[in-house]
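Visitor: One structure coming up, written as structure tokens, with questions to follow.
We did not get these values from a lab; they are worked out from the coordinates using the rules stated. Owing to the predicted nature of the structure, the values given are computational and were not obtained by experimental measurement. When we count neighbours, we look across all protein chains shown, and the Cβ atoms used for this are built from the backbone with ideal geometry, even at glycine.
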Amino acid sequence: MSPFLTLVARDLRLAVRQGGALGTALGFYMLVVTLLPLGLGADLNLLSRIAAGVLWIALLLSALLSLPRVFASDYEDGSLDILATGALPLELVAAAKALAHWISTSIPLALLAPVLGILLNLELDAYPMLVATMLVGTPAVSFLGAVGAALTLRSHRGGLLIALLVLPFYVPTLIFGIASISAFQGPGGVTSPFLILTAISLASVVLGPIAAAAALRLQMQ
Amino acid sequence: MVDGLSFRLASGEALLLTGPNGSGKTTLLRALAGFLAPASGAIRLADAPPERERAELAHFVGHLDGLKSHLTVAENLRFWAAYLDEDGDGADGEGLEAALDRFDLAPLADIPAGYLSAGQKRRLALARLGVAARPIWLLDEPTVSLDAASVALLVKAIAEHVAGGGLAAIATHVPMALERAREIRLGVVLGAAAPEPAR
């Protein structure tokens with residue numbers, strides 16, 4: 001197995017053994033979405049109109065919760081230094097860790113979204129598109145989030161700082177994620193917003209690790 | 001941190017870095033590993049394959065052990081073997097057992113690393129030296145929390161590595177009985193009372 005896959009496999013195994021990070025993110029997602037109908041009242045038309053946006057925003061916030069751990073545990077126990085002595089470039093180390101975050105956190109969140117859609121009276125025909133936009137859009141969440149995680153590695157209260165750094169970069173993903181869902185329900189075609197969402201994700205997968213590795217080099221000095 | 005230092009280490013030599021706390025031993029080792037760029041001067045490796053960076057030819061064992069407490073001893077070591085050794089022959093059963101045996105860890109192989117004592121964790125971090133063949137060993141106070149028997153195992157491992165033509169740079173406060181070892185004593189701590197020259 002290549003060093004890249006070895007690292008991804010180790011991170012996934014750790015995510016399963018520790019369990020806490022995923023449980024927190026899923027629990028937070030569920031709570032935020034559950035609180036909303038309680039706060040807004042049982043206006044089913046209103047809920048179904050805002051459902052897609054709420055599910056997307058709550059997903060971004062839940063993913064943020066788990067981002068600080070992407071590099072922090074490896075930094076604290078000294079693994080990061082040793083990872084840097086491997087033949088794998090630091091860019092690919094960052095990519096492997098972001099990929100593991102995507103698989104272990106973002107995908108479960110995306111799969112939980114349709115279940116929570118029931119609470120918000122999301123229209124039936126929007127479900128496939130909701131899951132599709134989330135699966136396609138969440139790589140941007142994990143790979144851009146890794147940059148924030150790398151930048152705040154040595155700061156205390158890094159979690160809050162990550163939110164400030166990373167959330168603005170999530171705006172395009174959010175806009176085109178929701179645009180795809182509403183375009184699917186409307187008369188126009190779904191193609192162009194969905195393709196732009198895909199492009200944002202692919203660009204993040206390439207550029208995120210490069211920026212994260214530059215930040216990691218700075219933090220390791 | 002460290003100023004005016006110049007040395008040359010030949011293949012098959014060990015370098016002992018000594019000096020008081022804060023004298024720059026760790027800084028020097030991190031610079032040798034390539035984590036820090038020297039503010040001036042250069043670190044050169046003669047006869048190294050040009051396409052590989054210095055860090056990729058070195059084992060770095062720092063103050064932190066680089067272990068995951070949720071993985072067992074064998075899983076921790078197997079991961080580093082697969083990650084550090086591109087050829088992949090360190091990750092097989094025999095290489096792994098030999099590396100565990102070298103630091104007397106075989107009985108602990110299936111215990112999660114989180115249950116180990118500080119000395120056992122250190123031995124596991126040092127066992128990493130055996131899973132991938134690399135010519136340079138950079139060890140930062142490797143004897144911390146080791147008992148006398150483990151220190152002897154470590155000295156034996158370093159001696160074998162050096163005898164096989166490797167390089168080793170070791171920051172230490174404990175005298176090590178190594179043949180062909182040179183010692184560099186790093187200077188005075190910043191801020192400590194340095195003797196004032198008489199005017």
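Visitor: Order by neighbour count: B:150, B:11, fewest other Cβ atoms within 10 Å first, most last.
Guide: On the way: B:150 19, B:11 12.
Exposure proxy ranking, most exposed first: B:11, B:150.
Visitor: Sticking with this structure for a sec: How high is the relative contact order of chain B, given as a whole-number percent (alpha carbon pairs under 8 Å, six or more residues apart)?
Guide: Value for chain B: 37 percent.
Visitor: Let me ask something additional. According to the Cα gyration tensor, what semi-axes, each the square root of 5 times an eigenvalue, does the equivalent ellipsoid of chain A have, listed from largest to smallest in whole Å?
Guide: For chain A, the ellipsoid semi-axes come out as 32, 18, 15 Å.
Visitor: How large is ³J(HN,Hα) for each residue in the stretch A:89-100, as worked out from phi by the Karplus curve 6.51 cos²θ - 1.76 cosθ + 1.60 (θ = phi - 60°), to whole Hz, x for Gly and Pro?
Guide: Once rounded to whole Hz, the list reads x, 4, 4, 6, 4, 5, 5, 4, 6, 5, 4, 4.
Visitor: Cut-off is 10 Å between beta-carbons; in what order do A:201, A:66, A:182 appear when sorted fewest neighbours first?
Guide: Values: A:201 22, A:66 26, A:182 16.
Ordered from fewest to most neighbouring Cβ atoms within 10 Å, A:201, A:66, A:182 come out as A:182, A:201, A:66.
Visitor: Next up: Enumerate the amide H contacts of residue B:183 below 5 Å, restricted to partners 5 or more residues apart or on another chain; note that Pro and chain-start residues carry no placed amide H.
Guide: Amide H to amide H, under 5 Å and 5 or more residues apart or across chains, residue B:183 pairs with B:16.
Visitor: Rounded to a whole number of µm²/s, how large is the Stokes-Einstein D of the stretch B:1-115 at 20 °C and 1.002 mPa s, given Rh as the Kirkwood radius over C-alpha pairs?
Guide: Value of D from the Cα-based Kirkwood radius: 127 µm²/s.
Visitor: Using the alpha carbons of chain B, what is the convex hull volume per residue in cubic angstrom, as a whole number? Mind dumping the intermediate values first?
Guide: Details: hull volume 28.7 nm³, N = 199.
Hull volume normalised by residue count: 144 Å³.
Visitor: Same structure again: Give, as a single signed number, the net charge of other residues whose beta carbon lies under 13 Å from the beta carbon of residue A:150, with Lys and Arg counted +1 and Asp and Glu -1. Don't skip to the end; give the middle numbers.
Guide: Working: positive: A:69, A:97, A:154, A:217; negative: A:74, A:91.
With Lys, Arg at +1 and Asp, Glu at -1, the neighbours total +2.
Visitor: Hey, another quick one. Please report the antiparallel percentage of DSSP beta bridges with both residues in the protein assembly as shown, rounded to the nearest 5. Intermediate results must be reported in sequence, preceding the final value.
Guide: On the way: 1 of 19 bridges.
Percent antiparallel among DSSP bridges in the protein assembly as shown is about 5.
Visitor: Let me test this: with uniform point scatterers at the alpha carbons of the protein assembly as shown, what is the Debye-based log₁₀ I(q)/I(0) at q = 0.12 1/Å?
Guide: -0.97
Visitor: About its Cα centre, what dipole magnitude does the protein assembly as shown give when the only charges are +1 on Lys and Arg Cβ and -1 on Asp and Glu Cβ, stated in debye to the nearest 20?
Guide: Values: 28 positive and 34 negative charges, 185 e Å.
Once rounded to the nearest 20, the dipole reads 880 debye.
Visitor: Can you give me the span-like helices of chain B, meaning DSSP H runs with 18 Å or more of Cα extent along the axis and Kyte-Doolittle mean at or above -1.0?
Guide: Values: long enough: B:148-163 (22 Å, 1.51).
Correct list, ordered by number: B:148-163.
Visitor: If you don't mind, another one. Under the Karplus relation 6.51 cos²θ - 1.76 cosθ + 1.60, θ = phi - 60°, what is the ordered set of whole-Hz ³J(HN,Hα) values for the stretch A:27-41, x standing for Gly and Pro?
Guide: Result, rounded to whole Hz: x, 4, 4, 4, 5, 4, 5, 6, 5, 4, x, 5, x, 8, x.
Visitor: For a quick check: with amide H placed at 1.01 Å from N, whose amide H comes under 5 Å from residue B:36's, ignoring anything fewer than 5 positions away on the same chain?
Guide: Residues meeting the criterion, in which the H sits 1.01 Å from N, are B:31.
Visitor: Residue B:63's amide H: which non-local residues (gap 5+, or another chain) put their own amide H closer than 5 Å, with H modeled 1.01 Å from N in plane and none for Pro or chain starts?
Guide: none
Visitor: Under the Karplus relation 6.51 cos²θ - 1.76 cosθ + 1.60, θ = phi - 60°, what is the ordered set of whole-Hz ³J(HN,Hα) values for the stretch A:170-175, x standing for Gly and Pro?
Guide: For the stretch A:170-175, the Karplus curve yields 7, 4, x, 4, 4, 4 Hz.
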